[in-house]
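Values quoted throughout were computed directly from the atomic coordinates according to the rules given, and no laboratory measurement underlies them. Just so you know, these numbers come straight off a predicted model, no measurement behind them. Backbone-built Cβ (ideal geometry, glycine too); neighbour counts: all protein chains shown.
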Ligand code: F0G
């Protein structure tokens with residue numbers, strides 16, 4: 001086994017997460033007054049998705065497409081081969097995915113949901129079921145639009161923000177077995193497995209669980225497809241927490257994990273350190289054939305899938321950078337740094353601290369607000385008012401409505417996500433964020449909640465508008 005590279009700090013027995021890079025170019029941030037923020041928030045219908053980024057100071061809306069690219073990635077952009085067909089950048093990307101994720105056939109897509117669309121429409125027959133370790137908004141919607149019913153088979157611990165289970169992203173094998181028994185395996189389109197489960201708070205899946213899910217699915221002739229969007233971060237948790245993996249590299253863990261699935265897809269806007277891009281990759285020849293037919297309809301030719309050649313080159317380089325030990329440690333280390341500051345002030349949040357974000361627990365933050373008053377949306381609004389920090393609701397608004405009854409889905413988790421972009425903000429920025437959360441926490445009793453005054457049909461959280469309750 002190859003030895004893991006160590007930082008200078010680790011060689012001296014210190015466990016600093018300090019970044020393995022320095023800053024070469026900067027982008028100024030705008031500072032606003034409280035008055036300006038009040039006007040901006042009202043104009044945005046109290047929805048942080050509708051704010052202009054110019055009105056935001058520290059943008060923790062998402063870690064999606066918000067990474068800083070390296071000098072090498074920017075150099076790669078200049079090597080863009082913008083041929084319509086057979087761009088050399090496609091072959092670089094294909095090679096990077098095969099080497100790091102281990103899948104055989106690779107199809108580029110413009111981003112993650114492009115891959116979800118293709119996978120859903122080629123593998124789901126109307127009336128089938130798709131079990132998964134908690135839903136993700138776009139993933140579940142594409143599965144539903146293809147005619148499937150999503151079934152959450154994550155372990156119960158994942159729905160409890162205070163439970164300290166080390167792998168809260170795990171599939172509950174009994175729940176999966178129960179679904180096979182109830183509907184019959186032929187009615188299960190595939191198992192939708194996600195690394196570091198976003199909606200559960202960035203919680204990982206263990207290697208042992210992935211292995212067991214794969215074995216159980218195979219026994220029933222059902223495929224497993226992996227949402228590998230944040231699988232690199234999942235690999236770090238396995239290295240740190242799972243017996244037998246402390247000496248494995250992130251790259252080795254990633255390859256082994258993907259080996260327990262039949263294919264996967266990614267929003268490369270997260271782990272892979274690019275501003276746009278994604279892919280779908282499978283091992284099955286016949287399915288690949290079908291996907292290659294579909295991608296030309298919805299994304300573009302199978303050697304560009306909606307991307308410019310330069311985007312694919314930046315992605316190929318980003319994939320290799322994303323598995324570097326010091327990079328992953330610094331990335332998750334920064335998230336933990338923020339989380340530990342808040343923990344010390346008893347701010348309620350999802351624990352253990354996840355890989356890409358701090359998820360504030362709005363139920364315990366605002367115990368006086370009922371879920372129908374959108375506590376997590378309220379908390380996002382209050383944080384913006386306090387300091388210009390932009391966060392995101394991950395609660396009842398994100399959960400949407402039950403397609404059958406039309407009623408709100410009422411998730412147990414009512415969370416506000418402070419999502420940390422990769423390689424973008426400093427430790428001082430994290431201090432500012434922590435102090436702002438504390439200020440909002442200290443003023444929690446004055447929060448009144450929101451009502452929804454405009455509701456779009458699909459993925460309503462993106463464009464819904466709210467107004468303060470009297
Ligand atoms: N899967 C997961 C786990 C995601 O977090 C996302 C996007 C997608 C798929 C879809 O990928 O955005 O490239 O189409 N998550 C973003 C977020 C939007 O903010 O968490 P996409």
Check your understanding: Can you give me the Cα centroid spacing of region 37-107 and region 356-410 in angstrom?
Key -> 26 Å
Review point. What is the Rg over Rh value, at two decimals, for region 373-470, using alpha-carbon atoms and the Kirkwood definition of Rh?
Key: 1.01
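Arranged from highest to lowest average of other beta-carbon atoms within 10 Å per residue, in what order do the peptides 307-320, 205-218 appear?
Numbers: 307-320: 24.9, 205-218: 19.6.
Descending packing order for the listed peptides: 307-320, 205-218.
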Exercise for review: Take every Cα-Cα distance within region 71-322, group them into 5 Å bins from 0 onward, and report for each bin the whole-number percent of pairs it holds.
Suggested key: 1, 7, 14, 18, 19, 17, 12, 7, 3, 1, 0
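Which order results if 16, 70 are arranged by neighbouring Cβ count within 10 Å, fewest first? Mind dumping the intermediate values first?
Working: 16 13, 70 18.
Fewest-to-most Cβ neighbours within 10 Å comes out as 16, 70.
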Study note, to complete from the structure: Computed on Cα atoms only, the convex hull of the chain has an orientation-averaged projected area in nm² of 21.9 nm²
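Only counting other Cβ atoms within 10 Å, I'd like 301, 383 sorted with the fewest neighbours first. Let's see the in-between values first.
Numbers: 301 16, 383 24.
With the sparsest Cβ surroundings first, the list reads 301, 383.
If you rank 266, 276, 253 by fewest surrounding Cβ atoms within 10 Å, what's the result? Intermediate results must be reported in sequence, preceding the final value.
Working: 266 29, 276 17, 253 22.
Fewest to most other Cβ atoms nearby, the residues stand as 276, 253, 266.
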Point to revise | Protection-proxy order for peptides 391-398, 29-36, each taking the mean of Cβ atoms within 10 Å per residue, highest first | key: 391-398, 29-36
Review point. On full extension of the chain, what length is gained from residue 469 through residue 454, given 0.36 nm per residue of separation minus the C-alpha to C-alpha distance?
Key: 4.0 nm
Exercise for review: Mind computing the radius of gyration and Dmax over the alpha-carbon atoms of region 281-368? Å is fine for both.
Suggested key: 20.6, 55
